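Please read the structure below before turning to the comments.
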Amino acid sequence: MAMNRRDFISTAATLAGVGVLSSILPTTSLLARTLTAVDVSAVNIDQLRPTLLQDAQYRTSRLGLDPRIWNWHRNVATNAMPANYYEASLADWPAFGRFPRDQHCEVVVIGGGLLGASTALHLAEAGVDVILVEKDNIGSGASGRNGGQMTPGIARWSAETILEKFSPDEAKRLWRFTSVEAMDLVDELRERYGFECDRKYGHITTAIHPGHMGPLVANADARQLLGDTAVKVIGPHELQEEYVRSSIYHGANIDSIGGQVQPLALLRGLVYGFAKLGGRVYDSTKVKGIRQDASGTVIETERGVIRASKAVVLGVHGSTEEFISGPSTTVPFFTYVAVTPPLSVDIKELIPSDLPVYDTQLQIDYYRAVRDNRLLFGGQGTGNSWSPRDVNNYLLDRIRTVFPHLEKPELEYSWGGISDLTLNGATDARKSGDSVPVYMVHGWSGHGVAQTVRIGKAISDDLTGRNHDFTMLTRIEHSSIPLGSYLSPVAIPLIKSALGVINTLNPADMVSF
């Protein structure tokens, strides 16, 4: 039987908060900018089309990063910040330049990740005048650092949960929105603007315990009820022979809707499309505040103000609490990814299906083949940022566990990133009631590459009156987490420890963090 992870996390976080909130102090350090901005007028639009290299090339990162995260390379020079694998496998990309002076527009999008870029692009396609601002550089945050796997669902809500929370018709609508429509939209945009992002199709969820096959079957059954026939259940022999050459699994769900992508290339492709349509983009531009006045909404930056007459969109992921009033609904956590050097064996000897993999253990592994016969492997969720040494040791141990026949695996790249989770496991989407509304979406729980792009379109459609898809998302209720960003270093270890004890006592119960 699958454990109700959402209720357990909610209770554990509440208990953690009772004793520790008063002792947790905030930190507010900021990272100095590492990139000299280029005037946007000097940027050739064609230079913004992402160009994938045949293989990654070691280089120093040109992206300003949050001071809590890092990049590692085995040949890193002293005091240098190497590019992560995604940045290193793309041709250099010009900066846009800082916001120069006071300006007007219809919509301001704050945050240059997948949500912000998709929203800006779809609004521009609808003829709306948009300015996109990013405090660091395009791709510095989670959108340029995630695992690159595309799975259906709304954050951690699977088909079963959606059926529990919505009426049958609404559940079918939400599931289609977060599955077929989300995946198809990525393909449509890639074709429309002619960019590559290493898009591949299909996904595997492997059972780490025989008792986990029951929940996988239940999930496939729930998807059938929602009109989704894209998943099939297979046993261990077919899995090992045709899909993943590892003996640690007891079967799997094979999902033809899911897939994988080079996330930084996808993000750059969306921004490229926005720029082609005449959109204004400014990076290295931190927003200091948002206020309403008689003429609309004023967005204050370090160099001037932007006046928005129709809407403001917050696509700032874990920094949302800087701009909204009242308690947060999310807790941030750190997660990690690594990439091997080119393997000494054909990677199809490990993953003959070339499909990305999630497993069902408490602390999930996820991995996939990437260019030049490399293996990308990620996992862990921590309340504080682990060091590169600890991350590398952990991920190498996991690679050896999954593929013990792979001789002496090594890592060439590794990096950390910040995600955020809600107590109920679903994404938190909001729209303010102001005359110039503020849209906000956060709480992805590490899942949402395709859905973020789809929700960007939903925001555009809501603002232009095309449909009510975004309203559907706002009806999901969320619990507040006072001082959520400061609770994380205590709450995350507490929750993981308690879940670990329960998992040891009842290993057949499927609960993943």
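The lone criterion from (1) open to solvent by 10 Å² or more (accessible area, probe 1.4 Å); (2) assigned to a helix (DSSP H, G or I); (3) touching a helix residue (DSSP H, G or I) at 6+ places or on another chain (Cβ under 8 Å) left unmet by D198 is number (2).
Quick one: which residue in T161, T205 is touching a residue at least 60 places away in the same chain (Cβ under 8 Å) and in a helix (DSSP H, G or I)?
T161
Among the residues of the range 349-380, those that are among the acidic types (D, E) and either surrounded by 20 or more Cβ atoms within 10 Å (Cβ to Cβ) or farther than 18 Å from P263 by Cα (or both) comprise E349, D359, D365. Taken together, the residues in the range 93-131 that are within 22 Å of S419 (Cβ to Cβ) and assigned to a strand (DSSP E or B) amount to 2. Within the set R268, R280, R307, R291, the sole residue that is charged (D, E, K, R) and within 21 Å of V449 (Cβ to Cβ) turns out to be R268. Applying a threshold of 8 Å to beta carbon distances and a minimum spacing of six or more residues, or different chains, the list of pairs starting in the range 139-151 at a residue that is open to solvent by less than 20 Å² (accessible area, probe 1.4 Å) and ending at one that is of a type in the set (S, T, N, Q) reads G144/N84; R145/N84; G148/Q260; G148/Q262; Q149/Q260; M150/Q260.
Being over 15 Å from N146 (Cα atoms), modelled with pLDDT under 90 and not hydrophobic (A, V, I, L, M, F, W, C) is a property that holds for T329. Checked against (1) at negative phi; (2) over 18 Å from the mean Cα position of the chain (by Cα), H447 passes all but condition (2). Restricting V130, V76 to those that are touching a strand residue (DSSP E or B) at 6+ places or on another chain (Cβ under 8 Å) and under 26 Å from T320 (Cβ atoms) reduces the list to V130.
Taking the range 71-110 as the range and being open to solvent by 30 Å² or more (accessible area, probe 1.4 Å), of a type outside the set (V, I, T) and either touching a His at 6+ places or on another chain (Cβ under 9 Å) or under 30 Å from G383 (Cβ atoms) (or both) as the test, the residues that pass are W72, R74, N79, A80, M81.
Tell me, yes or no, whether the range 418-425 has at least one residue that is modelled with pLDDT of 95 or more, surrounded by 24 or more Cβ atoms within 10 Å (Cβ to Cβ) and not β-branched (V, I, T). Looking through the range 418-425, none of the residues is modelled with pLDDT of 95 or more, surrounded by 24 or more Cβ atoms within 10 Å (Cβ to Cβ) and not β-branched (V, I, T).
Testing S414 on (1) touching a residue at least 60 places away in the same chain (Cβ under 8 Å); (2) open to solvent by 40 Å² or more (accessible area, probe 1.4 Å), one condition comes back false. Which one is that? Against the list (1) touching a residue at least 60 places away in the same chain (Cβ under 8 Å); (2) open to solvent by 40 Å² or more (accessible area, probe 1.4 Å), S414 comes up short only on (2). Taken together, the residues in the range 51-70 that are more than 22 Å from the chain's Cα centre (by Cα), closer than 17 Å to R145 by Cα and open to solvent by less than 60 Å² (accessible area, probe 1.4 Å) amount to 1.
If the condition is being among the β-branched types (V, I, T) and buried (at least 21 other Cβ atoms within 10 Å of the Cβ), then the range 302-319 contributes I306, V312, V313, V316. In this entry, R389 is excluded by the filter for residues that are open to solvent by 10 Å² or more (accessible area, probe 1.4 Å), of a type in the set (K, R), in contact (Cβ under 8 Å) with a residue 24 or more places away in the chain and under 23 Å from F333 (Cβ atoms). Among the criteria (1) within 20 Å of the chain's Cα centre (by Cα); (2) of a type in the set (D, E, K, R); (3) farther than 23 Å from S143 by Cα, the one R223 does not fulfil is (1). What's the number of the condition L270 fails, among (1) open to solvent by less than 10 Å² (accessible area, probe 1.4 Å); (2) within 16 Å of V438 (Cβ to Cβ)? Evaluating L270 over (1) open to solvent by less than 10 Å² (accessible area, probe 1.4 Å); (2) within 16 Å of V438 (Cβ to Cβ) leaves (2) as the failure. Checking each residue of the range 162-177 against the condition of being within 18 Å of the chain's Cα centre (by Cα), open to solvent by less than 10 Å² (accessible area, probe 1.4 Å) and at pLDDT 95 or above gives at least one match.
Does R33 satisfy the condition of being at pLDDT below 95 and under 25 Å from the mean Cα position of the chain (by Cα)?
Yes, satisfied.
With L21, L25 as the choices, which residue is modelled with pLDDT under 50, in contact with a Pro (Cβ under 8 Å, 6 or more places away or on another chain) and open to solvent by 30 Å² or more (accessible area, probe 1.4 Å)?
L21
Put simply, of V345, V402 the only residue that is open to solvent by 20 Å² or more (accessible area, probe 1.4 Å), farther than 21 Å from L264 by Cβ and over 19 Å from the mean Cα position of the chain (by Cα) is V345. Can you find even one residue in the range 282-295 that is part of a strand (DSSP E or B) and under 29 Å from V180 (Cα atoms)? So far as the range 282-295 goes, no, none of its residues is part of a strand (DSSP E or B) and under 29 Å from V180 (Cα atoms). Only residues that are acidic (D, E) and either open to solvent by less than 10 Å² (accessible area, probe 1.4 Å) or under 24 Å from E196 (Cβ atoms) (or both) were counted across the range 111-131, and they come to 1.
The values are calculated or read from the model by the stated rules, or taken from the named source; none is laboratory data. All values reported here derive from a predicted model rather than from experimental measurement. With ideal geometry, Cβ positions are generated from the backbone for all residues, glycine too; neighbour counts draw on all protein chains shown. Side chains included, ligands, DNA and RNA excluded: accessible areas come from the protein's heavy atoms. Shrake-Rupley method; radii C 1.70, N 1.55, O 1.52, S 1.80 Å.
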